[in-house]
Every structure is written in C-alpha cells, then in structure tokens.
Amino acid sequence: MLGIVPRRCQCLDRISCRSKDGALTMHGAHNGALGQDGERKRGRWSRCAAFLCLVPAAGLLIGVLNRPGAWYAALNKPSFNPPDAVFAPVWTILFLLIAVAGFRTFEAEPRGKSMRLWGLQMILNFAWSPIFFSLHRMDVALGVIVALLAVILAFVWRRWQTDRLAAMLFIPYAGWVGFATLLNMSLLRLN
C-alpha cells in the first residue's frame with residue numbers, strides 16, 4: 001500500500017500544480033488527451049499515405065518488371081482487346097481505389113477476414129503479370145485471374161455489410177478484372 005501512494009502522488013504532481021493563491025490547477029490532462037488524439041490522427045494519416053504510395057508503387061514495379069514485349073505483340077488478339085496505352089492509366093486509378101479500400105479496411109479490422117481477403121487479392125493481382133507476361137503461361141494465369149475475381153467479389157460482399165464505400169471502391173476493379181478474365185480466356189483460346 002505504501003508503495004502505491006507515493007507513485008500516485010508523483011503522477012498527480014506531473015499533471016497538477018499550485019497557483020499563487022494556493023489553488024490546485026490541472027495542466028496537461030486536457031492537452032494530453034488532445035495530444036493523444038493528434039498522435040492517433042497523425043498515425044492514421046501516415047498509414048493512409050503508406051497505402052496510397054505503396055500499393056500503386058508495387059503495381060508500377062510489377063508492370064515495369066513484366067512488360068508485355070514482343071511475345072504479347074505477336075499473339076492473335078480478340079476484337080475487343082484495348083490499345084496498350086489504356087492499361088497504365090486504368091491500373092493507376094484502380095490501384096489508388098484499391099489502396100483507399102485497403103486503408104479503410106485496415107483501420108476497421110487490421111487482422112480481420114476482410115483484411116485477409118484484401119491481402120490475398122493483392123498477392124493474386126501481383127502474381128498474374130509475371131505468370132502471363134514473363135512465363136507466358138496463359139493457362140495458369142487464367143486460373144489466377146479467376147481466383148482473383150472470386151476474392152474481389154468476396155471482399156465486396158463482406159465489406160458491403162460494414163463499409164459500403166470500401167466495397168464500392170472495389171466495384172470498378174471487379175469490372176476491370178472481369179473484363180481481363182474474358183480477355184485472358186480469349187487469348188488462350190486464340191493462341
């Protein structure tokens with residue numbers, strides 16, 4: 001008991017002091033709460049910036065390391081194959097949407113099932129380009145992209161219940177991956 005009381009007094013001494021008229025005033029308690037809130041907000045902004053920088057940067061790196069090249073140019077393509085210039089801007093926008101949805105999900109449930117789905121879709125997304133463009137395995141890439149689409153849809157369904165904005169951010173992504181799945185399937189059939 002005696003060991004506890006002096007510690008409490010020391011703690012109170014740090015957040016209080018006597019004014020000139022002898023009244024006990026508290027200082028630092030209110031500012032401390034605000035300081036903690038400010039630190040939490042700064043941490044939140046740092047995490048948001050990390051998602052917004054790292055996700056598109058990783059996508060850019062995967063794209064640079066796995067360029068379509070001459071092999072892709074020589075493939076027979078379906079009539080709906082978009083021009084090569086479309087892919088970079090579309091993926092840049094999609095990676096920003098993916099990053100925001102990932103950040104929102106991380107803030108809500110950093111170790112939850114939705115965050116695991118988000119991480120799995122990132123792994124599948126980043127695996128597709130090397131399999132398709134570098135290994136030239138359109139068949140394996142088709143399996144990866146079908147799995148990717150399934151995980152994206154599972155993420156949308158799961159987040160729709162708790163964070164509709166995060167779910168809606170994945171809808172254009174699901175549309176593009178659905179289109180890419182059809183394109184992958186067509187390329188496999190034509191070649």
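The values are calculated or read from the model by the stated rules, or taken from the named source; none is laboratory data. Model, not experiment: these values are computed from the prediction. Using ideal geometry, Cβ is built from the backbone for each residue, glycine included, and neighbour counts are taken over all protein chains shown. For accessibility, only protein heavy atoms count, side chains too; no ligands or nucleic acids. Shrake-Rupley method; radii C 1.70, N 1.55, O 1.52, S 1.80 Å.
Some points to look at:
- Carbon-plus-sulfur accessible fraction, segment 46-143 (probe radius 1.4 Å, protein heavy atoms only): 70%.
- Cleavage-rule hits, chymotrypsin sites (Phe, Trp or Tyr not before Pro), segment 52-148, DSSP coil, Cβ neighbours within 10 Å at most 10: Phe80
- Calculated translational diffusion coefficient of segment 80-149 (25 °C, 0.890 mPa s; Stokes-Einstein with Kirkwood radius over alpha-carbon pairs) equals 182 µm²/s.
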